[in-house]
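Remarks on the structure that follows.
The values are calculated or read from the model by the stated rules, or taken from the named source; none is laboratory data. Since the structure is predicted, the reported quantities are computational estimates derived from the model, not experimental observations. Positions of Cβ are generated from backbone atoms using ideal geometry, with glycine treated the same way; all protein chains shown enter the neighbour counts. We work out accessible area using only protein heavy atoms, side chains counted, and drop any ligands, DNA or RNA first. Shrake-Rupley method; radii C 1.70, N 1.55, O 1.52, S 1.80 Å.
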Amino acid sequence: MGQLSAVDKVIEYIVINYRWVFVCFFLLPASLLYEIYNYGRNWIVVKLNSAPKLHDRKVRRVQKQVQEWRASGMNTPMCTARPGWKTMSLSKPRYKNKLFNVSVNLIDILEVNIKEQTVRVEPLVTMGQLTATLDPMGWTIPIVPELDDLTVGGLVMGTGVESSSHKYGLFQHICISYELVLADGSVVTCSKDSNPDLFYAVPWSYGTLGFLTAAVIKIIPAKKYVKLNYHPVHTLDEAVKVFEEESLKKDENDFVEGLLFNEKEAVIMTGNMTSTYEPGKLNEIGKWHKPWFFTHVRKFLKKGSGFDYIPLRDYYHRHTRPLFWEVENIIPFGNNILFRYLLGWMMPPKVSLLKVTETKAITNLYENNHIIQDLLVPVKSLKESIMNFHNAVQVYPVWLCPFILPNDPGMVHPADDREELYVDVGVYGVPKDTGKQYHAVNTTRAIEDFVAKVDGFQMLYADSYRTKEEFRQMFDHKLYDRMRNRLDCKKAFPEVYDKVNKKARSH
């Protein structure tokens with residue numbers, strides 16, 4: 001790799017250190033316009049009830065493209081044509097350039113069935129879209145992963161978790177059925193009772209068994225607010241103890257979450273839905289001028305225990321505006337009160353627009369000086385896991401989200417033959433000086449090895465440096481392989497590993 005010229009070095013310095021100028025004056029307005037367009041379009045579709053009428057036509061278009069692939073000789077496997085920059089992952093999947101791209105324009109809510117307590121949606125429906133539709137109706141899905149732009153398809157084919165997951169499990173566990181277009185062009189619906197092998201094989205399969213065209217998801221009655229209790233703790237042992245105790249109280253806590261601010265201090269939060277709030281205790285955290293949620297939580301380390309009431313939809317998307325805390329690296333003054341009042345109403349910048357406008361200098365910066373990982377470990381290994389990640393990267397805050405993992409067949413289940421409480425440990429940010437130079441490959445591989453040792457899993461949206469053999473040891477492929485053979489997927493779709501390993505992706 002050649003050395004940069006003096007001019008290139010100056011440009012690189014400006015792009016990295018003053019990226020906020022471009023973000024504030026171009027990407028934020030563009031993100032807002034994009035959001036207004038999507039909101040308006042979705043509102044019109046719901047009012048006109050046009051989505052159900054168009055769904056079958058759109059599915060037939062997917063089928064037609066699969067038949068065209070078969071007629072062309074089936075020389076290369078298929079994948080969706082959705083551009084890589086539109087995904088929530090920071091990586092841009094370059095494998096799409098080598099595969100047969102199938103357009104899947106499935107972006108609508110199809111039906112809310114109050115009687116059956118279900119919602120039927122297309123795979124590109126987002127969490128923001130779902131909550132905007134269901135919240136005014138007094139309903140919600142049991143698990144709402146935080147960021148507005150996360151899609152149902154990504155959460156089914158990858159995975160999703162939220163602070164209600166200690167009760168309901170992962171996103172896949174609130175899904176009742178899936179509709180897919182298979183490699184032969186046929187349409188099939190699968191559930192626990194009908195075609196159960198395919199139903200259990202779909203989650204974590206990353207679009208390698210068929211094209212997801214619809215999903216039916218449970219809904220539950222919702223209340224207007226969440227009473228959120230903040231429990232500050234000042235030792236790691238206490239943090240782990242309180243977190244586990246509260247996570248096991250399924251009947252007492254609707255929501256459980258932890259934010260670890262260093263290796264000793266954390267705030268454990270527990271919440272319950274409620275119809276009313278106490279005067280003076282309403283915290284509309286979703287308003288543009290409010291402090292970023294994690295900075296609000298951090299104050300309780302000094303204030304001591306407390307509580308407030310947050311509107312339900314604000315609570316669900318509490319991490320959206322600062323993208324947890326990642327926006328702090330892009331707009332360092334983003335939580336300043338002046339910025340919040342003047343420009344906060346345009347937040348956050350769309351991840352997709354950040355990716356599509358990313359320069360080579362920014363790419364290199366993220367490649368070598370940034371880590372984004374969600375590591376799923378048994379709660380019994382939580383303390384050991386936190387210390388391992390602390391010694392490796394010292395990235396804070398760390399997100400702690402509990403979830404129950406049933407012993408269902410499929411790629412992800414506990415090592416023992418019974419359900420087990422796990423924790424999603426979210427590590428997002430710039431590694432600190434730990435006494436040795438951060439090396440993305442070596443550090444990530446060491447973390448992956450540790451997670452595998454404690455019978456944990458790595459979320460597939462993040463960079464993985466595992467070999468194929470190591471990957472298959474972490475994820476149970478028995479049912480997946482059987483379904484790949486039964487559905488004749490070998491030529492039709494790449495394997496999961498071929499879509500998620502680091503070589504298949506570029507930043």
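For the reader, a short list of remarks on this structure follows.
- Qualifying position, being in contact with a helix residue (DSSP H, G or I) (Cβ under 8 Å, 6 or more places away or on another chain), at pLDDT 95 or above and over 27 Å from LEU212 (Cα atoms), among PRO431, PRO397, PRO406: PRO397
- Hey, GLU278 in contact with a His (Cβ under 7 Å, 6 or more places away or on another chain) and either over 27 Å from GLY169 (Cα atoms) or touching a residue at least 40 places away in the same chain (Cβ under 8 Å) (or both) or not: no
- Residues considered: PHE261, PHE243. Of these, the only one that is in contact with a Pro (Cβ under 9 Å, 6 or more places away or on another chain) and buried (at least 20 other Cβ atoms within 10 Å of the Cβ) is PHE243.
- Scanning segment 143-174 for residues that are touching a helix residue (DSSP H, G or I) at 6+ places or on another chain (Cβ under 7 Å) and under 17 Å from GLY210 (Cα atoms) returns LEU155, VAL156, THR159, GLN172.
- Residues of segment 266-280 that are surrounded by fewer than 19 Cβ atoms within 10 Å (Cβ to Cβ) and under 25 Å from SER247 (Cα atoms): ASN272, MET273, THR274, SER275, THR276, TYR277.
- Among all positions in segment 461-470, there is at least one residue which is under 30 Å from VAL242 (Cβ atoms) and under 21 Å from the mean Cα position of the chain (by Cα).
- Residue check for THR235: of a type outside the set (A, V, I, L, M), crowded, with 22+ Cβ neighbours inside 10 Å and more than 30 Å from PRO136 (Cα to Cα): no
- Some residue of segment 399-408 being without any contact (Cβ under 8 Å) to a residue 40 or more places away in the chain and surrounded by fewer than 19 Cβ atoms within 10 Å (Cβ to Cβ): yes
- Those residues of segment 327-348 which are touching a Phe, Trp or Tyr at 6+ places or on another chain (Cβ under 6 Å), open to solvent by less than 30 Å² (accessible area, probe 1.4 Å) and not β-branched (Val, Ile, Thr), in sequence order: PHE339, GLY344
- Top-ranked residue of segment 283-305 - restricted to ones that are open to solvent by less than 20 Å² (accessible area, probe 1.4 Å) and not in a loop (DSSP other than H, G, I, E, B), ranked as farthest from THR133 (Cα to Cα): PHE300
- Taking (1) more than 23 Å from VAL398 (Cβ to Cβ); (2) free of Cβ contacts under 8 Å to residues at least 60 places away in the same chain in turn, PRO291 satisfies each apart from (1).
- The helices (runs of 4 or more DSSP H) found entirely in segment 124-239 that carry 1 or more residues being free of Cβ contacts under 8 Å to residues at least 60 places away in the same chain and more than 27 Å from TYR315 (Cα to Cα) are 196-201.
- Residues satisfying the stated conditions in segment 107-121, i.e. of a type in the set (D, E, K, R) and part of a loop (DSSP other than H, G, I, E, B): ASP108, LYS115, GLU116
- Test: residue in segment 447-460 that is among the charged types (D, E, K, R), closer than 13 Å to GLN373 by Cβ and touching a Lys or Arg at 6+ places or on another chain (Cβ under 8 Å): yes
- Within segment 234-266, being farther than 18 Å from SER385 by Cα and either touching a Phe, Trp or Tyr at 6+ places or on another chain (Cβ under 9 Å) or among the small types (Gly, Ala, Ser) (or both) holds for PHE255, VAL256.
- Selection of segment 445-500 for residues being among the hydrophobic types (A, V, I, L, M, F, W, C), in a loop (DSSP other than H, G, I, E, B) and open to solvent by 10 Å² or more (accessible area, probe 1.4 Å) yields VAL454, MET459, LEU460, LEU487.
- Among (1) under 30 Å from ASP135 (Cα atoms); (2) modelled with pLDDT under 85, the one test that VAL23 misses: (1)
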